[in-house]
1. With unit charges on the beta carbon (Lys/Arg positive, Asp/Glu negative), name the residue among Val145, Ala206, Ile186 whose Cα is farthest towards the positive pole of the charge dipole of region 3-216.
2. What GluC sites (Glu not before Pro) does region 1-107 have in DSSP loop regions with at most 12 other beta carbons within 10 Å?
Amino acid sequence: MNPGVALLLALPAPLTLYLVWRRVSQVRQVSGRAVIGVLVAGALAGVAATLITRFMLEWLGVRLTIEGSATSAALGMFLLAAPLAEAAKVAVVWPLYLSGRVVGSRAGLLYGVAAGAGFALAAAPLGAASLDLRALSVAMVLLGVPVQLFSSGLWGYWLGRGPGGRWFGVAWLLAVVLHGTYALLIASGSPKLVAAALPMTLTMGAAGALALRDLTGSDAPRSQLLRVLPEPPSLRAMRQALGRRDRPLLLHWIGIGGLVTLGVMLVNVAVAVWLGHRLGVDFTLAESAGSEAGGPLALLGSAILLAFPLGGFLVARASGAESVLEPALGACIALVLLALTLAVSTPLGVLISVGLAPVAFLLACVGAWFGVGGE
């Protein structure tokens with residue numbers, strides 16, 4: 001792929017940074033020169049980290065694509081590529097932190113996103129140099145951008161939030177795991193695994209938008225179309241709903257929640273198969289390695305994901321719980337059972353389940369939040 005084309009595909013990164021910059025600037029003064037400096041430094045860090053990662057992987061004989069060893073690819077991603085990328089972005093923001101300019105979660109989030117945007121602008125052309133210009137390659141480059149911004153925004157938020165950044169280390173490790181899982185799906189070159197990263201992309205976008213709304217406030221009226229839909233919960237309200245509120249954990253409802261979610265999942269898959277047959281969808285193509293597997297997999301995947309908010313809602317209503325914790329943990333049990341089932345047929349199913357874990361947890365929390373009548 002031409003580096004210029006890859007650079008155009010990475011333009012959502014600086015555009016997202018501009019939107020975050022505008023929102024944060026409405027509530028506090030931020031030096032535009034510092035943000036641009038972090039963006040440029042992030043690009044330089046992206047060049048260095050990408051070239052070092054490529055050299056080390058070639059020296060070790062590790063391939064991240066589906067043709068190589070899955071174990072070697074996972075080790076190379078989680079022990080080298082993802083930690084090096086996040087460490088390089090931290091190195092860009094760290095001088096500002098030491099100088100006392102990263103004060104508050106807003107500033108931390110903004111500078112983290114700026115470092116991630118610069119990194120994405122550099123990594124996209126370098127990573128796409130060995131790819132052919134086709135639909136799958138375009139999807140790989142496009143989907144590779146959001147995780148750079150989200151992962152650095154995650155640890156940037158906590159770097160500026162706590163005194164001394166006490167939760168920064170935990171947030172950084174979480175960002176590495178998220179980055180590694182997501183990037184492993186993208187780098188595999190498998191249409192199925194690349195498609196499995198799309199729900200994670202949407203979840204990162206939704207979580208980022210909610211976090212930005214909480215940090216900067218949102219007094220703008222909703223459009224006529226959005227007024228018909230229920231207003232999504234804020235992250236603050238979701239954190240409160242996850243609390244136990246000085247009561248014992250209802251273990252039996254966690255087990256029931258897992259079974260209910262699994263049952264809803266089976267019903268949804270059955271409905272999806274029936275609907276697919278009515279629409280003429282050939283489900284035998286789901287085993288294909290080509291792009292023709294996209295239609296059946298999208299239908300089945302949507303049915304599975306829909307089970308988590310529905311299951312969370314039903315369990316929250318039936319249990320009369322004041323917290324979304326039990327339905328959310330029940331969704332985790334259902335996801336583990338799904339992963340074990342998929343592992344029997346294909347080892348890639350475990351990787352897909354791990355990638356969908358944060359998506360399923362968030363969807364279950366949202367469904368349960370509406371079930372408990374949270375505000």
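1. Result: Ala206, furthest along the dipole toward the positive end.
2. Numbers: sites: Glu58, Glu67, Glu86; in loops: Glu67.
Here the GluC sites (Glu not before Pro) that fit, given the DSSP loop and packing criteria, are Glu67.
Here, each number is a calculation from the coordinates, and none is a lab measurement. No experiment lies behind these values; they were computed from the predicted model shown. So basically every Cβ, Gly included, is an ideal-geometry build from the backbone, and we count neighbours across all protein chains shown.
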